[in-house]
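Since the structure comes first, as structure tokens, the remarks are kept for the end.
The values are calculated or read from the model by the stated rules, or taken from the named source; none is laboratory data. These numbers were taken from a predicted model, which means no experiment stands behind them. For neighbour counting, all protein chains shown are included, and Cβ atoms are generated from backbone atoms with ideal geometry for every residue, glycine included.
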Amino acid sequence: MAVMMTIDGKKIEAEAGMTILEAAAANDIRIPTLCYLKERDPQASCRLCVVEVEGARTFQPSCATTVREGMVVRTDTEELRRNRKLTLELIMAHHPVDCHHCMRIGSSKEEDLDPMFCEMCFWCDCVRDGICELQKLNREYHVDRLPFELEGYRYPADSSLHSVIRDPNKCIKCRRCIDICNNVQTVHNLALKARGQEYRVTASMDQPMAYSPCVRCGRCVDVCPTGAVYMEEHIDEMLFCVHSYDTKTVGMVSSSLLGEMENLCGMPEGSLSVQKIVSAMHKLGVDYVISEEQAINASRKEAEAILEGADAPVVISNSFAVKNFVKSRFADLADRVRYYSSVQESFAKEVGKLADRLHLPDESVKTVVFTANNENGAQAREENTVDFSMNAREIYRIFLRTGVDLCRTVATDALKQDPDPKLVYGDVTGPVVFDHSADPEVRRLNGKLIAVAHNLGQSAKLLEEIRAGNSPYDVIRLNG
Ligand code: SF4
Ligand code: SF4
Ligand code: FES
């Protein structure tokens, strides 16, 4: 059912049950948010999205207020802007200000700080500098003075995993990571602890991450709006390798990166291609590039070999996070899951063949993967699958630091694609996309019932059915 309402003087039609935020977004009206995550239940903790609703005595959080017939909403009044600025100033009273007050140029005005200039600065080392949602809003709302005294205890960053790093000082308690870890991934590693000044997100039992049940899926990293959770960076080591005369570097670019890279670089949707990033990779100094298709096909062939003739239900996975998840939560089913090489591992094997062909000594070859999938970074750290596995944010910072401008880079067409290997299970064994839903995807193919899990919560559901002995599927693929 549709309702008629007015937002900022514009008459609009919205679906009953929609929130004000969703109705506004559907009509190109932007309301600022910090804790909101699309397709998840609202946390309504940041109060940045407040709007004026005619007849209501207080401002309403637009992410958690549903539309009504005849509702009149204002999203950008003077008073709302003042309120949002105050909210940001209060957040900043508990937040490190290294990116806020630039010591190098002696300026306290956020809008004076060009992100390109910031990248060259020695004072601020936040991994989200220039691409932080909080910093962006501070700029938008001219938070250039901090009226409140800085409060709060400073905690050491937890880098015990050497992959997923947590810096509680930069946390704004938006709870996005908790929602994803607990409700989507069902790992239940993160929680809010204590009260007052010690109120913070902690890993299970307030243990270091290395002793927690974290499976290194890296999904909390994807959703954190600030630099409070991130993948350990290796920019300097990587640049050292590509610039060294003693090494030959071989790279691969995953197409999963394109959307986020466009977003970070402010490029129009659909304007970036893998070939452009490959050209940029060559500009950095990477010597050879192997196509993602070649690695995907090699990985798929392994999966097909497992599936051929196996008894139902056959459970396959090539996910590092799934491997860790099964080990800790479904140890009794560990033998039931058949693992094949991840695309990153297949890439490393293809690099081995290339090195043999070119007579390159093993120790002189370094491997670099550009990927959106954070579990690859963790796997590279723990299993040495490749030398460098970098996510979009790290790649963005590398390009910024080295002056490589993706918008002006010309795409290379030098990539040789592996021909389609005519696989029986086709895209079941190919790349999958993470989603937030609770139920796995089910399809029928060549008379077989197939279930594909797109997150760990869905994987858990399918494994529970196997444990209970009532799994109806012939083939199950688990992803993290
Ligand atoms: S990496 Fe995954 S399992 Fe670990 S804390 Fe983040 S969301 Fe939870
Ligand atoms: S760590 Fe990041 S995602 Fe989690 S509550 Fe803090 S700011 Fe939000
Ligand atoms: S986005 Fe609505 S309260 Fe945070």
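All of (1) in a helix (DSSP H, G or I); (2) touching a residue at least 12 places away in the same chain (Cβ under 8 Å); (3) not acidic (Asp, Glu) hold for Arg216 with one exception: (1). Got at least one residue in the stretch 213-224 being more than 16 Å from ligand 1 (Cβ to nearest atom) and in contact with a Phe, Trp or Tyr (Cβ under 7 Å, 6 or more places away or on another chain)? No, the stretch 213-224 has no match at all. Within 16 Å of ligand 2 (Cβ to nearest atom), within 24 Å of the chain's Cα centre (by Cα), charged (D, E, K, R) and under 23 Å from Leu86 (Cα atoms): is that true of Arg47 in this structure? Yes, satisfied.
Name the pairs: first residue in the stretch 149-172 and among the hydrophobic types (A, V, I, L, M, F, W, C), second residue within 16 Å of ligand 3 (Cβ to nearest atom) and part of a helix (DSSP H, G or I), Cβ to Cβ under 8 Å, at least 6 apart or on different chains? That search, which allows pairs on different chains as well, returns Ile172/Ile91; Ile172/Leu134. In the stretch 37-146, counting only helices (runs of 4 or more DSSP H) that sit wholly within it, the ones holding 1 or more residues that are modelled with pLDDT under 95 and more than 30 Å from Phe399 (Cα to Cα) span 78-92. Would you please list the contacts, defined by Cβ atoms under 6 Å and residues six or more apart or on different chains, that run from a residue in the stretch 348-367 that is more than 11 Å from Asp246 (Cβ to Cβ) to a residue that is of a type in the set (Asp, Glu)? These pairs meet every condition: Thr367/Asp387. Just so you know, in the stretch 175-198 the residues that are part of a strand (DSSP E or B) and closer than 19 Å to Leu456 by Cα include one that is farthest from ligand 2 (Cβ to nearest atom), and it is Ala191.
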